[in-house]
Amino acid sequence: MKKFIALMLAMVMVFALCACGNDSKNDTDADAKDYSSMTLDELKAELKTVNEGKLTVATSPDFAPYEFYSLDADGNATLAGFDIAFAQYIADKLGLELNIVPMDFDGTLAELQAKNVDIGMAGYSPDPKRESIMSFTKIYYNGGQSFITSKAKADEITSLEAANNAKYKIGAQTGSIQMDLAEANTPDADNIGLTKVPDIIAEVVSGKLDGAFMETIVAKAYQAQYEDLVIVCDVPYEQEGSAIGVNKDNEVLLAAMNLIIDEAINDGSLQKFVDEAGILAVGDKYEGLLDDAGHVPAADDTAADTAA
Ligand code: ARG
């Protein structure tokens, strides 16, 4: 009897679902909805974010031209970079207010893992090791990896093989895939993790570090500031390109982001953001975190590029 009732109930439910019409293809399988086949408007109707009405984004602004602070003539700092411009584009498409939270790079990973933010935009490589703590969108920017040194050591350190020597100190950002590249390519060297990219650059230029692993476009941006910086070679890396990290709970947002990435690539916006960030990045800038009052910290003044 129980079985019969259950069967009847199931049949009633199937009828009810069919009666809903065909405006949504996924009604019959609500648990495993195929969000990737929905339109942006359909996704927006279902979208929830950690702070209602807002898109909360973690970033690490030490990474020109991805994200950094652009300084005006009075030294006032404004967040800039192609990730930042793209974040605004995404928020506009979603009809949300943009709320960017700057922090150290390893902090962006932790905040996404803790689900305190909706997305992380920090020039992420879609590292499979991170897939348990975030979902990755498709690639929105194709970049590569480089090994850098200073002019003073460029004659000696001419390749990764030459750099792989116990007498060398090699830098990479803590928590980044560059740390893995260091372990894979220069395992015999003393590989050192530093929290902030500008500190790595400063130490390579001053000779405290003998070399470092760095995103190619970032190394090039720093070369405009430090003429003693030398890009030795490309470093092979399987997960080429940058993706956006999405809160693992939010499949609707992930699907929406993938649609928006397509749109931004196709309408030329992304290329425009990259070009504009490239121009801003050679001007006065600061890479790191501001103090509580929103100013470039006094102790870090020397790290700001005020030469231009
Ligand atoms: N692409 C590298 C990674 O995902 C480095 C990203 C560093 N980003 C930053 N904003 N400092 O590990």
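Every number in this text was worked out from the coordinates using simple rules, so none of it is lab data. Values in this document were obtained by computation on a predicted structure and should not be read as measured data. All Cβ positions, even for glycine, are placed from backbone atoms using ideal geometry, and neighbour counts span all protein chains on display.
Ordered by packing density, taken as the mean number of other Cβ atoms within 10 Å over each peptide's residues, highest first, how do 57-70, 241-254, 39-52, 123-136 rank?
Values: 57-70: 26.7, 241-254: 21.5, 39-52: 14.1, 123-136: 18.3.
Packing order, densest peptide first, comes out as 57-70, 241-254, 123-136, 39-52.
D for the chain, whole µm²/s, Stokes-Einstein with Kirkwood Rh over alpha-carbon pairs at 20 °C and 1.002 mPa s: what number? It would help to have the intermediate numbers written out before the result.
On the way: Rh = 21.2 Å.
Answer, rounded: 101 µm²/s.
What is the dipole size for the chain, taken about its Cα centre, with +1 at each Lys and Arg Cβ and -1 at each Asp and Glu Cβ, in debye to the nearest 20?
Working: 22 positive and 52 negative charges, 205 e Å.
Result for the chain is approximately 980 debye, rounded to the nearest 20.
So which residue, out of Met179, Met121, Met38, gets the largest mean-square fluctuation from a GNM of the chain using Cα contacts under 10 Å as springs?
Met38
Would you pull out the residues with amide H under 5 Å of Leu98's amide H, same chain only if 5 or more places away, H placed 1.01 Å from N?
Correct list: Leu55.
At 24 Å minimum axial length over the Cα atoms and a Kyte-Doolittle cut of 0.5, report the qualifying DSSP H helices in the chain, or say none.
Details: long enough: 2-19 (25 Å, 2.08).
Those that pass (Cα extent of 24 Å or more, hydropathy at least 0.5) are 2-19.
Rank the residues Ile139, Ile84, Ile119 as a footprinting-exposure proxy: fewest other Cβ atoms within 10 Å of their Cβ go first.
Values: Ile139 17, Ile84 25, Ile119 28.
With the fewest neighbours first, Ile139, Ile84, Ile119 line up as Ile139, Ile84, Ile119.
Of Leu96, Gly241, Leu47, which is farthest on the positive side of the dipole of the chain, counting Cα position, with +1 on Lys and Arg Cβ, -1 on Asp and Glu Cβ, and the Cα centre as origin?
Leu47
Would you calculate the separation in nanometres between label points at Glu131 and Ser37, each defined as 7 Å from the Cα along the Cα-to-beta-carbon direction?
Distance between label points: 2.3 nm.
Along the charge dipole of segment 144-204, which of Val197, Ser146, Gly175 sits closest to the positive end, that is, farthest toward it, with unit charges on the beta carbon of Lys, Arg, Asp and Glu (+1, +1, -1, -1)?
Val197
Using the crude model of +1 on Lys and Arg Cβ and -1 on Asp and Glu Cβ, and no other charge, please compute the dipole size for segment 173-308 relative to its Cα centre, in debye to 20.
On the way: 6 positive and 27 negative charges, 22 e Å.
Rounded to the nearest 20 debye, it is 100 debye.
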